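What follows is a short report on a single structure.
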Amino acid sequence: MREIKLRWTFKRKDDGHIFQITGNVELLGEHNQLSEMFKNELWELVGRDQSIGLPDEHNQEIYEGDLITCQATQRETCHVREP
């Protein structure tokens, strides 16, 4: 069975700065940076995505909700487009 990887995206309320934390489900039950972000009123959770289990052509993990571009050639290639 494959490991479930998650990504949480937070946005700072005052200036819109984006901060992401990635990890597995065990991260939810621990006292760590993720739990502190949920408690901090300066940040709001704006995204929560699960890995699809495949890397892009640059070996970056692809998560649900990522924007990707694909080129149809002899071999299909896709990569994550930065937001």
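Just so it is clear, none of the values below were taken in a lab; they were calculated from the coordinates. None of the values given here were measured: they were computed from a predicted structure. As a convention, Cβ positions derive from the backbone with ideal geometry for all residues, glycine included, and neighbour counts pool all protein chains shown.
Quickly rank 47-55, 15-23, 3-11 as a protection proxy: mean count of other C-beta atoms within 10 Å, highest first. Intermediate values should be presented prior to the final figure.
On the way: 47-55: 13.4, 15-23: 11.6, 3-11: 16.1.
Highest-to-lowest ranking by the protection proxy: 3-11, 47-55, 15-23.
Any chance you could run the full-extension gain for Q50 through R12? It's 0.36 nm times the residue separation minus the Cα-Cα distance, nm to one decimal.
Values: separation 38, 0.36 × 38 = 13.68 nm, distance 2.17 nm.
Contour length minus Cα-Cα distance gives 11.5 nm.
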